[in-house]
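A.B. asks: Below is one structure. I have some questions about it.
What follows draws every value from the coordinates through simple rules; no lab data is involved. The model shown is predicted, which means the values in this text are computed figures rather than measured ones. Glycine also receives a Cβ, built like all others from the backbone with ideal geometry; neighbour counts cover every protein chain displayed.
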Amino acid sequence: MDQTTARPLRVAVIGAGASGIVTAIKLREIGISDIAVFEKATDLGGTWRDNIYPGAACDIPSHLYSFSFAPNPGWSRAYSAQAEIEQYLQACVDRFGLAGHFRFGQDVTDAAFDEPAGRWRLRTAAGGSLTARVLVWATGPLSEPLVPDLPGIDDFGGRVVHTAAWDGTYDFRGQRVAVVGTGASAVQVVPELQPLAAELVVYQRSAPWIVPRNDRPIGPGRRWLYRRFPPARLAVRAWIYLRLELLLGPVLLGRDERRQRLLEKLAAAYRRRQIADPALRAVLEPDYRLGCKRVLVSDDYYPALTRPNVEVVPAAVSRLRASSVVDALGGEREVDAVVFATGFRAAEPSFAGRVHGVGGQLLSAAWQTGMTAYLGSTVPGFPNLFLLIGPNTTLGHNSMVYMIESHLNYVVDAVGFLDRPGIGTVDVRRDVAERFDRRVQAELATATWATGGCTSWYLDRRGRNTTMWSRPTYRFRRETRRFHAADYVVRSGATTASASPPPAGR
Ligand code: NAP
């Protein structure tokens, strides 16, 4: 691929997960078909292609965790498993005829804004290059598995896997297995590994808050109803949205302590019902406020921990040795395999070290004091670059699909604006971006993620929350409904040299 001398692409999209797929669908809807979606893997699906560990499923009900414009009346369960969601994404690609837009096996290693041309120049690992007028970065916050940098990890002679880079060839039957971590991935994989493993050691650095999942199949009668009578499916979708938004949203945003206490009591009662042994129960009691880390939903995690082949070690893993795991309390256990359910590099993504804006400035340098973007999407000095589900757009309680669709309203409107005659580039005004960041950080300062007495992947090394949205989700929908040109420095033509006065906002 060498398209540098050819006509630039109108839009280059990086990442073929849910965000990249919706970008292609929505841009095609406004008549833009000169789009290429670059994907380093050999298939689409993003999170739902990579997270194939046993038990991987969505913890948001499927009728909400699907696109509003592509309903699926046939979801088989309340909470669908990974394979069904991946199939759904593939079905969307087929239905909207997008296959021709994907460039698989193309890892974009460098993106640099060419100021005189007003274009992005991209290079791939395979040595290809191309230019694009608009760059949409859609790799999402949970695409880089994080394995802790533990001493001795290279000396360990057994199998090491991460939940987001699963090794399907390894047979866990009869093995001594260590699971490191007790987050959303761990509570799904532990109940699946427990019946297979001879011994299962769960390393818990901090105990999660867990509430019932109440997963169940959706029977043929209901599926028939949803197919024949779409308002019934829509009503279910609206009910799920409202329930999630109104029940947990105010707690996470630090606006309803009474409800937080009530939910903590309900979660404690659930723990009592599921765990008879008081000693184990005490180990599983969180020492921070509900909502500070993601509230987990599970029907089978606690029961799995009560099985005789399972041991919960209430400590961090501090090192590995040739055939054992050493914990922070000094314990050492012989194991055959270590499963890292240790999450993702979300607060400081490595792609920021590959994107150069005006004057060659790296995005990682612009984010030296913490990642931030206007409406989670645009960064001063990086014209015509749109991040999807960028900084401060993640949720702890509702569907990310809703956020992705909201973000796309904004990006599609912006691309439509850039298509107007004489418009070259848009670069978010620094004062606008800084004001937005101050607002978000001020709002997050009183949210449970900051005040609840825990650390989490929501916070970066400095303790700054660079990942979560700070308001109810419908506010995000409203704020991203339209692109306002007045928030941007708008430059005309194909050159950034001739500045034209910013047009009035729309
Ligand atoms: P995570 O929430 O970041 O959890 C990582 C876990 O690893 C934490 O329990 C952490 O402990 C632990 N850990 C890290 N280093 C450790 C060490 N040295 N020793 C012991 N424990 C260690 O990662 P995740 O479970 O993969 O989930 C990440 C996010 O992905 C979720 O919050 C959610 O947004 C998403 N997700 C969603 C689903 C779904 O169903 N939709 C499923 C999986 C994941 P501390 O808690 O003490 O830091």
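A.B. asks: Just check the range 278-355 against the gyration tensor rule for me: Cα atoms, a ≥ b ≥ c as the square roots of the eigenvalues, rounded for a/c under 1.5, and otherwise prolate or oblate depending on whether a/b exceeds b/c.
C.D. replies: oblate
A.B. asks: Would the range 376-450 count as rounded, prolate or oblate if I go by the C-alpha gyration tensor, calling it rounded below 1.5 in a/c and otherwise prolate when a/b exceeds b/c, oblate otherwise?
C.D. replies: Because a/c hits 1.5 or more and a/b fails to exceed b/c, the range 376-450 counts as oblate.
A.B. asks: No partner Cβ under 4.7 angstrom, meaning no disulfide-compatible partner by this rule: which Cys of the chain qualify?
C.D. replies: When partners are defined as cysteine Cβ atoms under 4.7 Å apart, the chain leaves 58, 92 without one.
A.B. asks: Let me ask you something else. Tell me, what is the FRET efficiency for residue 234 and residue 259 to the nearest 0.05, using R0 = 30 angstrom and their Cβ-Cβ distance as r?
C.D. replies: Efficiency for this residue pair is about 0.65.
A.B. asks: Quick one: grab the alpha carbon gyration tensor of the chain, order the square roots of its eigenvalues as a ≥ b ≥ c, and give me rounded if a/c is under 1.5, else prolate or oblate depending on whether a/b is larger than b/c.
C.D. replies: prolate
A.B. asks: Same structure again: How high is the relative contact order of the chain, in percent, with contacts defined as C-alpha pairs under 8 Å that are six or more residues apart?
C.D. replies: About 19 percent, as a whole number.
A.B. asks: Could you tell me how far the Cα centroid of the range 224-259 sits from the Cα centroid of the range 140-159, in Å?
C.D. replies: Between the Cα centre of the range 140-159 and that of the range 224-259, the gap is 37 Å.
A.B. asks: Sticking with this one: What chymotrypsin sites (Phe, Trp or Tyr not before Pro) in the range 187-238 are in a loop by DSSP, with at most 14 other Cβ atoms within 10 Å of the Cβ?
C.D. replies: none
A.B. asks: Can you give the net charge of the other residues whose Cβ lies under 14 Å from the Cβ of residue 45, counting K and R as +1 and D and E as -1?
C.D. replies: Within the 14 Å Cβ shell, the charges total -4.
A.B. asks: I want the local charge near residue 170. Using Cβ-Cβ distances under 14 Å, sum +1 for each Lys or Arg and -1 for each Asp or Glu among the other residues.
C.D. replies: The answer is -1.
A.B. asks: Mind checking the angle between helix 184-193 and the chain's longest principal axis? C-alpha axes, 0 to 90 degrees, to the nearest 10.
C.D. replies: For helix 184-193, the angle is close to 50 degrees.
A.B. asks: How much net charge surrounds residue 446 when only the other residues with a Cβ under 15 Å from the Cβ of residue 446 are counted, with Lys and Arg +1 and Asp and Glu -1?
C.D. replies: Cβ neighbours under 15 Å give a net charge of +3.
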